[in-house]
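Notes for the one structure printed next.
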Amino acid sequence: MNRLYRVLRKTYARTPFDGEGAYRYGGRWSSAGIRLSYTSEHQSLAMLEYFVHLDEGDPPADLVLAVAEVPDDLGRERVETRNLPANWRAPASPQELARLGDEFAQRGNHCLLLVPSVLAPSESNCLINPAHPDYRRIVIVHAEPLSYDPRRFERQRGTRGRVRYRQERRSVRSA
């Protein structure tokens with residue numbers, strides 16, 4: 001049994017893997033109108049993938065980490081980085097990537113599509129096709145409150161704080 005992770009707002013936690021967000025707005029690996037759920041193979045990757053979309057000074061207070069168990073024998077496809085265009089990691093993703101996800105969903109041969117993470121290419125995100133018959137075999141383990149470290153959202157401190165920290169470290173080393 002494998003686990004998949006997804007960070008989302010509490011409002012959507014009752015059906016965290018239904019693909020509604022991608023259906024409405026599309027994403028790197030799918031067009032609007034295609035229902036796929038974006039998940040990650042690790043909790044830390046799921047947090048990082050969500051984190052890059054947060055406003056710097058305004059962390060949402062209602063985040064949830066949804067965890068699902070996926071049977072090992074569930075059908076899956078994998079997209080290899082060597083088969084992607086050179087600019088696949090560009091902030092404005094090439095249309096070819098969305099086409100890959102769209103075609104995967106429309107073929108309906110497998111429930112899962114493993115794709116490389118733009119942020120950590122040696123790790124995978126996993127797109128779940130909720131229209132596939134095996135989708136019902138995916139079990140939601142839990143959805144629990146999640147918050148990011150508040151230090152990330154504090155205003156940038158001036159150089160004085162960093163200088164003070166360096167001076168404290170030097171005095172500790174010489175003691």
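Starting from the 7 Å offset along Cα-to-Cβ, what nm value, one decimal, do you get for the label separation of ALA92 and ARG24? For ALA92 paired with ARG24, the spin-label model returns 2.5 nm.
Taking label points 7 Å from Cα along the Cα-to-Cβ direction, GLN106 and GLN43 give a separation of 3.9 nm.
Rounded to the nearest Å, what's the spacing between the alpha carbon centres of the stretch 1-49 and the stretch 98-123? Just the number, please. The stretch 1-49 and the stretch 98-123 have Cα centres separated by 12 Å. Working note: Karplus 6.51/-1.76/1.60 with θ = phi - 60° gives the stretch 81-91 the couplings 4, 5, 9, 9, x, 4, 9, 4, 8, 4, x Hz, where Gly and Pro are set to x.
Counting alpha carbon pairs within less than 8 Å and at least 6 residues apart, what relative contact order, in whole percent, applies to the stretch 33-162?
On the way: 156 pairs, mean separation 51.8, N = 130.
For the stretch 33-162, the relative contact order is 40 percent.
Once the other residues with Cβ under 13 Å from the Cβ of ALA120 are scored (Lys, Arg +1; Asp, Glu -1), what is the net sum?
Values: positive: ARG89; negative: GLU41, GLU49, GLU123.
Summing Lys and Arg as +1 and Asp and Glu as -1 gives -2.
Estimated at 0.36 nm per residue, the fully extended path between GLU80 and ARG9 surpasses their Cα-Cα distance by 22.5 nm. Here the calculated FRET efficiency for HIS142 and LEU54, from their Cβ-Cβ distance with R0 = 22 Å, stands at 0.45, rounded to the nearest 0.05.
Proximity of backbone amide H atoms, modeled 1.01 Å from N, is registered between GLU77 and LEU112, LEU113, LEU114 at under 5 Å, excluding neighbours fewer than 5 places apart on the same chain.
Near LEU146, the amide H atoms lying under 5 Å from its own belong to LEU63, VAL64, LEU65; only residues 5 or more places off or on other chains count, and H is placed 1.01 Å from N.
The length gained by stretching the chain between ASP72 and VAL118 to full extension, at 0.36 nm per residue less their Cα-Cα distance, is 14.1 nm. What net charge do the residues around PRO145 carry, taking every other residue with its C-beta under 12 Å from that of PRO145, with Lys and Arg at +1 and Asp and Glu at -1? Combined, the nearby Lys, Arg, Asp and Glu give 0. In terms of surrounding Cβ atoms within a 10 Å radius of their Cβ, ARG136, ARG6, ARG99 rank from fewest to most as ARG136, ARG99, ARG6. Dipole magnitude for the stretch 2-174: computed about the Cα centre from +1 point charges on Lys and Arg Cβ and -1 point charges on Asp and Glu Cβ, it is near 1080 debye.
Grab the other residues whose beta carbon is less than 15 angstrom from that of GLN43, score K and R as +1, D and E as -1, and report the net.
Within the 15 Å Cβ shell, the charges total -4.
Read the figures in this text as sums done on the coordinates, not as results from a lab. All values reported here derive from a predicted model rather than from experimental measurement. Note: ideal-geometry Cβ built from the backbone for every residue, glycine included; neighbour counts use all protein chains shown.
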